[in-house]
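Readers should treat all values here as calculations from the given coordinates under stated rules, not as data from a laboratory. Since the model is a prediction, treat every value here as computed from it, not as a measurement. All Cβ positions, even for glycine, are placed from backbone atoms using ideal geometry, and neighbour counts span all protein chains on display.
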Amino acid sequence: MTSAPRRLDWRVLIVHTITFRQARAILSSVGPLAAIVALQGRLGSVGLIGIVVVATVASLAFAALRWWRFSYEIDDERLLVRQGLVSRSERAVPLDRVRGVDVEASPLHRLMRIAVLRVDAAAGTGGDDEAVLDAVSVADAGRLREVLLARRRVGEQWAPVNEGTATDGGSTRVPDATDQPAAAPAERVFARLDPRWLLYAPLIGSYLAVPLAIGGTLLRDVGSLPIPTGLRDLVEVPDGAGVGRIALNVLGALTVVAVGALLAGAVANWGFVLASRGGTLVAERGLLTRRTVSLEIARIRGYVLSQGLGLRLVRAARLTALVTGLGDQNRRGQLLPLGPLRVAEAVAAAAVRRFNTPLVPHPPAALRRRLFRAVGPPALVAVVLMLLDLPVAAAAAAAVAIAGIALGIDRYRALGHAADAAALAVRSGSLLRRRVVLEQRALVGWRVQQSWFQRRAGLTTLLACVGAGEGGYEVLDCSTAQGLDLLHAVSPGWAAPLLSQAPHRAATGRSG
Amino acid sequence: MSARTVSPRTPALQVSRNAIGLWTLQGVISSAFLLVVTITAAVLAPAAAPAPLLLLAAVAPYAAGVYAVVVVAIRPRLRYRVHHWEVTDESVFTLTGWLAQTWTIIPIARIQTVDINRGAMQRLFGLASVAVLTASSKGTVEIVHLDAGVAGAVAPDLARRAAAVRDEAT
């Protein structure tokens with residue numbers, strides 16, 4: 001690519017002027033003042049137009065200043081971003097720290113054929129470890145993505161897979177999702193969103209939250225909105241309304257929320273495609289704002305299959321990759337936002353790794369422990385409420401305790417772990433069931449935990465520590481022997497000191 | 001490796017004996033504070049206060065006394081007995097906790113940084129803690145209250161060996 005400093009695409013000026021991006025901070029202080037003046041009636045329509053014109057010109061000026069003072073350049077070792085009007089800042093992202101490249105285009109950006117490029121660098125110190133180019137032309141974005149990720153592969157001596165044949169953009173010569181030979185084709189599609197899968201969206205919390213949030217805002221302002229009385233009755237349940245009416249309202253509200261969630265899911269995931277391109281895994285999605293996330297395959301260390309209770313009932317799941325050093329893993333690591341379980345499993349096997357070893361169930365003592373923890377607290381509350389002579393509340397607590405039996409059994413049935421030659425798998429959870437498959441080389445430590453109760457029951461909880469995802473994944477309540485077997489199978493070398501009974505010679509140090 | 005193995009091995013080394021002194025001093029300070037507060041409350045409690053409050057005020061100093069015995073006479077020795085650590089050829093591992101025990105083991109090849117921490121009170125007793133960090137926020141080992149000399153030898157040694165065998169798979 002270039003080694004000379006480059007400016008951003010000029011068309012971003014139009015976008016930033018329209019959205020008042022840079023001028024927003026100033027307008028927020030000037031705006032109310034203008035509004036007061038306008039309200040006092042000292043401003044005619046000419047004045048109003050004047051304000052709009054001045055604001056637009058100011059916005060353009062700010063956008064232009066920023067554009068003028070912003071430059072980026074890529075040399076053999078790093079991406080350099082310089083910006084700032086008066087106080088200049090310079091951010092250097094070493095190319096060997098680049099973990100992923102994220103290209104996003106809002107409808108306005110798409111209209112101008114430009115895109116925002118985010119470079120995600122391995123977080124050493126936490127915080128904001130990314131460089132943002134807002135914005136470059138779509139063609140440049142594709143080229144930059146190639147260069148940023150390709151340089152990284154070359155730098156670490158990874159043989160690039162068919163490098164140079166990869167192109168950007170949604171080209172039509174993409175082979176179909178049917179099984180390809182393992183001869184590493186330039187592009188391979190692992191998953192494409194089937195629009196029918198969007199029906200799962202109302203079962204996913206994050207999509208449900210969207211219509212609920214919008215509804216909440218609307219409800220708050222409903223009194224001040226000029227809504228016809230008949231329509232308002234649908235939202236506000238009048239006093240003394242019949243049960244049927246309330247039921248109808250609830251049904252209506254549920255339908256609205258479900259449709260809203262479906263729309264939210266569609267807007268976020270429309271046209272989702274997961275494909276490999278060279279040494280990267282590229283996920284593209286979005287109806288209005290189009291987002292392309294590129295993950296370096298060599299940095300993927302496993303995956304998480306997660307199913308909320310709703311998704312489990314319809315045998316659906318979401319799939320997320322575990323990538324070392326990637327920030328915002330849940331969003332950026334998405335390999336399948338929603339889909340049937342068998343599709344998610346197939347994508348995981350094809351795009352990340354195949355894991356066929358059946359999971360070993362945990363001992364019956366683990367079931368007792370799950371049951372005790374699910375039933376015990378509400379049962380105790382029920383007894384206390386009974387003693388306090390509050391029969392209704394006590395009955396409610398007792399009902400929760402009885403539901404706890406089902407929860408405890410389900411939680412137990414989720415538990416399991418397994419290891420093959422190169423990876424390990426753990427599963428747990430009832431309301432949110434997760435199956436994590438993790439490469440053994442990703443492990444940076446083990447934590448073995450045993451409470452007094454666990455020790456009496458012969459149980460142990462292991463925590464596999466990794467530098468990806470949440471940082472650690474639990475093997476909950478396996479038998480101590482199972483846990484030690486797992487340690488032995490997965491980390492026979494460095495975890496051996498925990499297993500052997502004869503102390504190893506200490507390399508350094510003495511006790512005081 | 002089967003059912004007869006009852007638990008992970010206890011690391012070979014203990015922390016500095018001076019740690020007992022430090023923990024005792026910490027216990028003295030916290031229990032003295034608690035005793036002063038509870039006794040003051042018991043003495044100053046107005047006779048007109050509700051009965052349960054009065055009872056609480058009367059009992060609290062004794063509870064504080066029991067707490068003082070535990071944290072000054074018992075807990076420091078107990079802690080000394082349950083803290084273990086060891087550095088082997090390939091890994092560093094610790095065992096902490098009494099009722100709830102936690103073993104942590106980290107391969108030296110995956111160590112990112114090794115810190116030595118010396119708090120003001122630790123200095124008083126010639127102690128230092130060694131913190132071993134990896135790429136995972138949860139994969140951290142802290143060996144508390146070593147002799148400053150031991151910590152000063154262990155930490156650079158770990159760092160040097162980590163640099164020699166570090167691999168980048170994570």
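Remarks
- For the segment A:67-78, counting C-beta atoms of other chains within 10 Å of every residue's C-beta and taking the mean gives 0.
- C-alpha center-to-center spacing [the stretch A:467-490, the stretch A:324-401] in angstrom: 18 Å
- Taking the longest Cα principal axis of chain B as reference, the axis of helix B:51-69 is set at about 40 degrees.
- Compactness relative to 2.2 N^0.38 Å, alpha carbon Rg of the stretch B:83-165: 1.06
- Average beta-carbon neighbours from other chains, 10 Å sphere, peptide A:433-441: 1
- 5 angstrom amide H check on A:ARG188, placed H, neighbours 5+ away: A:SER276
- Karplus-derived 3J(HN,Hα), 6.51/-1.76/1.60, for each residue of the stretch B:121-127, Hz, glycine and proline x: 5, 4, 4, 3, 9, x, 10
- Across chain B, the relative contact order, built from alpha-carbon pairs under 8 Å that are at least six residues apart, equals 23 percent.
- Projecting the Cα atoms of B:GLN26, B:VAL71, B:ALA131 onto the dipole axis of chain B, where Lys and Arg carry +1 and Asp and Glu carry -1 at the beta carbon, places B:VAL71 farthest toward the positive end.
- For the stretch A:364-414, the Rg and Dmax computed from alpha carbons only, in angstrom: 11.9, 38
- Going from the fewest other Cβ atoms within 10 Å to the most, the residues A:ARG433, A:ARG196 appear in the order A:ARG196, A:ARG433.
- Residue-wise HN-Hα coupling along the stretch A:190-195, computed from phi with Karplus coefficients 6.51, -1.76, 1.60 (Hz; x: Gly, Pro): 9, 7, 9, 5, 8, x
- Neighbour-count order for A:LEU274, A:LEU309, fewest beta carbons within 10 angstrom listed first: A:LEU309, A:LEU274
- Simple Cβ-charge dipole of chain B, Lys/Arg +1 and Asp/Glu -1, about Cα centre, in debye nearest 20: 320 debye
- Dividing the summed helix terms, -39500 (n - 2.57) for each DSSP H run of n ≥ 4, by the number of residues in chain B produces a 222 nm estimate of -15000 deg cm²/dmol to the nearest 500.
- R0 of 45 Å, Cβ-Cβ distance A:LEU212-A:ARG7: FRET efficiency to nearest 0.05: 0.60
- For residues of B:83-89, the mean tally of beta carbons on other chains within 10 Å: 5
- Averaging Cα coordinates gives a centre for the stretch B:17-95 and one for the stretch B:100-132; these two points are 24 Å apart.
- Electrostatic tally near B:GLY21: other residues with Cβ closer than 14 Å to its Cβ, Lys and Arg +1, Asp and Glu -1, net +4.
- Of the residues B:VAL69, B:VAL130, B:VAL82, the one that moves most in a GNM of chain B with alpha-carbon contacts below 10 Å is B:VAL69.
- The packing ranking of peptides A:489-496, B:83-90, highest mean first, is B:83-90, A:489-496, where packing means the average number of other beta carbon atoms within 10 angstrom of each residue.
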